[in-house]
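Asks: If you scroll down you'll find the structure; I have some questions about it.
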Amino acid sequence: MSKPIYVLSGPNLNLLGQREPEIYGKDTLDDVRARCEAAAGAKGLSVVFRQTNHEGELIDWVQEARTQGSALVLNPAGYGHTSVALLDALKTLAIPIVECHLSNPAAREDFRRHTYVSLAATGVVSGFGAASYELAIAAAAGLVGAA
């Protein structure tokens, strides 16, 4: 069996469906997990799906994906705009990295228009709500040859 796609989400995404649904949508994180599992399963792949509010834990998981994953889908949330440490961890990966955002950061506040993650990402999917994760899974699958 091939290595799974790691799907990692950063702070406050545990509140999906409750926090600013007009921006982030009404799907919960469990809904997003189900969508990711279905999208990966349709390509014959599996996912490791995790969310944390803690920067160090997110970095530990990125480092784990380095050897245990075939690709990484990452929604860094607020850490994308602030964490050089996360960028440094991402730069150690030799697997594809797909940055994922529910909203379109380019259409939001100025501080959201730059993410450190983009400096290491193979590609970015944003602005499609929970479907952004499914599109990111499809992109990651294509990058690892499972399209």
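Asks: Modelled label-to-label distance, residue 23 and residue 3, 7 Å Cα→beta-carbon offset: nm?
Replies: The modelled label-to-label distance comes out at 3.4 nm.
Asks: Now for a different question. Please report, to two decimal places, log10 I(q)/I(0) for segment 5-143 at q = 0.10, 0.15 Å⁻¹ as given by the Debye formula with identical point scatterers on the Cα atoms and no solvent.
Replies: At q = 0.10, 0.15 Å⁻¹ the computed log10 ratios are -0.27, -0.64.
Asks: Of all the stretches in the chain, which is the longest one without any exposed loop site, taking trypsin sites (Lys or Arg not before Pro) in a DSSP loop (any state but H, G, I, E, B) with at most 15 other Cβ atoms within 10 Å?
Replies: With a cap of 15 other Cβ atoms within 10 Å, the longest stretch comes to 27-90.
Asks: Which lysines, if any, have their Cα less than 20 Å from the Cα of residue 91, not counting same-chain residues under 8 positions apart?
Replies: Of all the lysines, those that pass the test against residue 91 - Cα under 20 Å, at least 8 places apart if same chain - are 3.
Asks: Would you mind checking which residues have amide H under 5 Å from residue 51's amide H? H placed 1.01 Å from N; only 5 or more apart, or other chain.
Replies: Distant-sequence amide H within range of residue 51: 9.
Asks: Based only on the alpha carbon positions, what is the Kirkwood hydrodynamic radius of segment 22-69, in angstrom?
Replies: Answer for segment 22-69: a Kirkwood hydrodynamic radius of 12.5 Å.
All of the numbers you see were taken from the coordinates with simple rules; none came from a lab. It should be emphasised that the depicted structure is a prediction, and the values quoted were computed from it without experimental measurement. All Cβ positions, glycine included, derive from the backbone under ideal geometry; neighbour counts span all protein chains shown.
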